1. At q = 0.09, 0.14, 0.18 Å⁻¹, what log₁₀ I(q)/I(0) does the chain have when each alpha carbon counts as one equal point scatterer in the Debye sum?
2. Averaging over all projection directions, find the projected area of the Cα convex hull of the stretch 12-126 and quote it in nm² with one decimal place.
3. Under unit Cβ charges (Lys, Arg +1; Asp, Glu -1), what dipole magnitude, rounded to 20 debye, does the chain have relative to its Cα centre?
4. Taking 0.36 nm per residue of sequence separation and subtracting the Cα-Cα distance, how much length would be gained by fully extending the chain between K115 and E166, in nm to one decimal?
5. Given H placed 1.01 Å from N in the peptide plane, which residues other than close sequence neighbours of L6 have an amide H under 5 Å from its amide H?
6. Which whole-Hz couplings ³J(HN,Hα) result when phi for each residue of the stretch 212-228 is put into the Karplus expression 6.51 cos²θ - 1.76 cosθ + 1.60, θ = phi - 60°, listed in order with x for Gly and Pro?
7. Name the long-range amide H neighbours of A86: under 5 Å, sequence gap of 5 or more, or other chain; modelled H, no Pro or chain starts.
8. Which net charge results for the neighbourhood of D14, defined as the other residues with beta-carbon distances under 11 angstrom from its beta-carbon, given Lys and Arg at +1 and Asp and Glu at -1?
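Just so it is clear, none of the values below were taken in a lab; they were calculated from the coordinates. These numbers come from a predicted model, not from an experiment. Heads up, the Cβs are rebuilt from the backbone with ideal geometry, glycines too, and the neighbour counts pull from every protein chain shown.
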Amino acid sequence: MKVILLHGFGENADIWDTFLPNLPKEFEYILLDYSKIAFCQTIDQYAQWVQSEVEQRKITRFTLIGHSMGGYISLAYAERYPEYLAGLGLFHSTAFADSEEKKKTRDKTAAFIEKKGAAIFIEGFLPNMYSDDFKRKNGVYIRQQLDDNKKLPAEALIQATLAMKERPDRSATLKSLNVPVLFVIGKKDSFIPFEDALSQISMLKKPFVLILDHVAHAGMMEAPQSCAGITTDFLEECDA
């Protein structure tokens with residue numbers, strides 16, 4: 001079985017690099033990277049881009065896993081192309097649309113990036129993905145990530161921000177899925193409210209849910225063994 005993984009906003013595909021060795025070797029993992037794409041104006045257009053990559057590789061059935069914004073894209077993909085999916089995985093993501101308050105924050109983010117540039121934005125944004133404890137213990141790793149992700153194009157970050165702002169609620173899509181769905185939730189996540197994440201668990205027909213007490217927005221880095229355990233169970237069910 002093929003497994004496609006999508007990174008989140010302000011990251012690139014290497015967010016998965018240290019996590020993948022913990023997953024079953026019998027599956028083929030494909031890391032798609034949209035971090036430099038500036039031609040997608042909606043989350044649906046990112047999903048169409050994923051489909052173009054799928055068709056290019058002549059893939060007919062696969063499991064899709066997305067982190068944060070990658071989860072938004074995955075849900076849009078599931079809505080448009082459900083026949084391709086053997087399973088859907090959401091790491092620290094949500095089917096809900098942005099609140100009005102969150103939309104205002106997106107506008108401020110886009111304006112900040114346009115004025116100050118990508119590097120200054122990433123310097124302040126990226127560390128917020130992690131718990132304080134993880135940051136204390138992994139300063140070298142975070143610095144490497146910062147140096148790498150500061151190179152992301154400002155225009156791509158602005159377009160991604162505005163696309164996230166305008167995405168619709170996809171609760172109906174989540175409820176409609178008959179394939180296994182993985183939900184990884186961090187209690188210390190400052191981007192996805194814990195209550196919002198919890199409320200979506202009941203929407204899943206075939207749920208695989210992991211709630212991490214001391215994790216923020218990047219369980220694959222902050223709690224790799226726990227995430228790998230449930231992801232393995234999820235992937236094996238998708239392949240059954």
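1. One equal scatterer on each Cα of the chain leads to -0.34, -0.87, -1.55.
2. Numbers: hull surface 33.4 nm².
Mean projected area of the Cα convex hull: 8.4 nm².
3. In total the dipole reaches around 360 debye.
4. Working: separation 51, 0.36 × 51 = 18.36 nm, distance 2.14 nm.
Taking K115 through E166 to full extension adds about 16.2 nm, to one decimal.
5. Close amide H contacts, sequence-distant or interchain: I65, G66, H67.
6. Each residue's phi maps through the Karplus curve to give 10, 5, 10, 10, 9, 10, 8, x, 5, 9, 7, 9, x, 5, 4, 5, 5 Hz.
7. Counting only residues 5 or more places away or on other chains, the set is F62, T63, L64.
8. Details: positive: none; negative: E11, D17, D33, D148.
Local charge sum for D14: -4.
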